[in-house]
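Heads up, the thing below is written out as structure tokens.
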């Protein structure tokens with residue numbers, strides 16, 4: 001069918017019913033590809049907008065949801081069918097031109113529909129005919145037989161299976177040479193050949209045995225299949241969310257081609273009560289201003305029929321453009337959705353804590369800024385020097401095995417390297433220091449060998465200088481101290497990266513970390529000195545007389561030794577106690593959310609020890625933070641609901657071993673008590689979706705560097721997003737049926753063959 005002209009795009013629309021999204025996407029794509037209309041983005045059904053929308057009765061429009069749409073920008077309803085299929089010379093009304101805004105007069109909808117031969121009904125007939133592609137003229141002229149349709153489906157399914165495998169592995173699709181003489185035509189074609197060899201029925205219909213105009217191997221076909229895979233994967237996630245609440249986690253980073261990308265993840269509770277963090281998508285942003293990021297987030301949510309009005313939490317890394325109180329992203333979203341409470345990423349707070357301690361204490365800064373970089377740059381700066389370390393490490397392992405100091409076995413005694421720590425991942429410093437202490441003797445022997453074999457005098461002097469630094473009491477003392485501190489915070493660092501971690505348990509882990517640091521401060525001196533002395537004795541290094549006067553090492557000799565304290569006072573008070581005190585103080589300052597009323601109230605939901613922390617008054621106060629879900633009239637009944645809930649779960653032995661909020665949510669759904677205590681379960685979900693860390697977003701960026709690498713640096717934003725969705729959400733993508741992908745692929749645009 002042919003459309004001579006189309007009315008101007010009425011703006012960003014919001015569909016009345018999710019059921020019709022797929023049909024509307026297909027039709028829009030058809031017209032957008034032909035330049036007949038501009039892309040429109042649709043959002044959540046407007047009957048769920050809440051207070052941000054006009055006040056009208058949603059039931060007025062339920063029977064018209066096959067054609068009515070809502071424009072956010074114009075605050076008006078439009079007729080979808082007339083928008084596409086009404087001719088220029090036919091009549092017009094508010095539903096096609098400026099939009100319908102008179103919500104109190106629903107009779108106008110019946111007037112727009114009109115009689116049997118009305119403009120609207122003609123447009124609806126055209127819409128129905130358009131969706132029935134099998135009866136269209138191109139399909140009729142194609143004279144497609146049943147055998148041709150069967151072969152086409154086999155060919156398409158073979159391509160889908162190959163694409164699915166490559167997406168799951170994060171591999172490229174095309175090679176440099178795709179001609180028939182090439183020995184490697186790219187992963188996709190080579191995999192399709194391999195697949196066809198084991199399937200005779202497939203081999204008969206693919207590649208050279210397929211029609212020249214329908215081989216289903218062209219780059220555009222591959223991209224459409226990838227797009228269909230990503231959309232079906234995202235659909236599974238959106239079905240899990242439904243119309244429920246969720247939290248957003250966002251961050252930005254540059255890809256390999258220096259394009260700024262913003263990743264968005266959603267945190268929500270699924271139908272089984274489980275907590276999930278899923279990757280929604282990637283958006284290219286021209287800059288990282290808070291307004292640009294907010295528009296990108298809103299656009300991405302609208303694209304997937306989600307609304308900011310359903311957001312109940314937001315988590316970022318704490319950058320100024322994110323958490324700014326005046327014009328930050330947090331403030332912009334909070335202004336539109338006041339109940340979208342912001343939580344500073346716990347993992348970044350822990351990183352800032354470790355960085356602050358490393359910079360404030362001169363002994364720690366000497367270790368991290370002088371000794372370790374000098375060692376890593378010198379030994380790791382040359383393959384020849386690395387080989388010295390490998391040879392000495394192997395020699396030490398052989399000697400230790402001969403003397404019985406270590407045991408042999410699968411996975412034991414692997415080669416260790418002096419890996420360079422990441423500036424943005426302070427957990428990696430723990431591994432670096434541990435490896436340096438573990439490879440201490442091979443490192444010294446390697447430096448000796450480098451000094452002896454070097455022709456350049458500068459290299460000899462540098463090797464000797466590093467040896468002198470490593471063989472000081474200061475280095476061993478501070479290295480073991482930082483190992484103890486990093487060891488305590490390492491568990492917290494790993495726990496914060498779990499996507500199912502709830503905010504109450506995270507604060508509990510912070511308290512555990514502080515208690516362990518306090519124990520190290522109060523009673524860890526003797527154990528620490530025992531470790532240091534044992535290490536020094538093992539490697540024939542002189543142990544300092546603690547009663548003698550402290551002499552600063554060579555790094556500060558040019559300033560003169562002005563210290564008038566003993567070694568015991570310096571290392572115990574100025575280093576050991578001072579560093580731990582600074583660590584404790586920084587944790588207290590960085591994790592100050594503990595003092596906020598919202599988090600204090602949340603802790604009363606903790607199910608440990610049969611709900612020992614339960615406090616009804618604080619939970620009632622917690623419900624007041626969400627006035628849209630708990631109105632003043634409902635609060636009276638909610639008080640009795642809490643009484644019934646706590647009495648029920650405390651007397652049910654199935655809840656006695658529940659320790660976390662996530663386990664509580666799953667157990668409530670498992671026992672069907674989430675229906676009995678629906679309001680309590682709603683409050684629990686609102687607590688659970690508050691984000692803890694942005695680790696899911698960071699993992700998306702790590703994957704982005706693997707998907708879009710130096711060999712694939714020209715990859716478009718859409719393709720990059722589709723590859724990331726399918727790779728990051730493998731568990732969802734693996735469950736997507738081939739038939740669903742095939743159907744989605746067929747509906748993306750008009751196809752030569754119909755199924």
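Taken together, the values in this text are just the output of simple stated rules run on the coordinates, not laboratory data. As the structure is a computational prediction, the values presented were derived from the model and not from experiment. Here the Cβ positions follow ideal geometry from the backbone for every residue, glycine too, while neighbour counts run over all protein chains shown.
So between residue 743 and residue 121, what do we pick up on full extension, going 0.36 nm a residue minus the alpha carbon distance? Display every interim value, and only then the final one.
Details: separation 622, 0.36 × 622 = 223.92 nm, distance 2.81 nm.
Here the segment from residue 743 to residue 121 would lengthen by 221.1 nm.
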>> Per-residue counts of other Cβ atoms within 10 Å, averaged by peptide: what ranking do you get for 696-708, 650-662, 252-264, highest first?
In response: 696-708, 252-264, 650-662
> Separation between the residue 654 and residue 289 pseudo-spin-labels, each 7 Å from Cα along Cα→Cβ, expressed in nm?
Replying inline: 5.5
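What FRET efficiency do you get for residue 259 and residue 149 if R0 is 41 Å and r is their Cβ-Cβ distance, rounded to the nearest 0.05?
On the way: r = 42 Å, r/R0 = 1.02.
The computed FRET efficiency comes out at 0.45.
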> Once both labels are modelled 7 Å past Cα along the beta-carbon direction, what's the residue 672-residue 456 spacing in nm?
Replying inline: 7.7
>> How far apart, in nanometres, would the label points at residue 515 and residue 491 be if each is projected 7 angstrom from Cα along the Cα-to-Cβ direction?
In response: 1.0
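Highest mean first, how do 533-544, 480-491, 722-733 rank when packing is the count of other Cβ atoms within 10 Å averaged over residues? Please report the intermediate quantities before stating the final value.
Details: 533-544: 13.3, 480-491: 19.2, 722-733: 21.7.
Final packing ranking: 722-733, 480-491, 533-544.
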>> When a/c reaches 1.5 or more, the comparison of a/b and b/c decides; with that in mind, is the stretch 439-495 rounded, prolate or oblate per its Cα gyration tensor?
In response: prolate
>> Order 300-307, 377-384 from most to least packed using the mean count of other Cβ atoms within 10 Å.
In response: 300-307, 377-384
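Starting from the Kirkwood radius over alpha-carbon pairs of the stretch 623-682, derive D by Stokes-Einstein at 10 °C in a medium of 1.306 mPa s and give it in µm² s⁻¹.
Numbers: Rh = 12.3 Å.
Translational D for this selection: 130 µm²/s.
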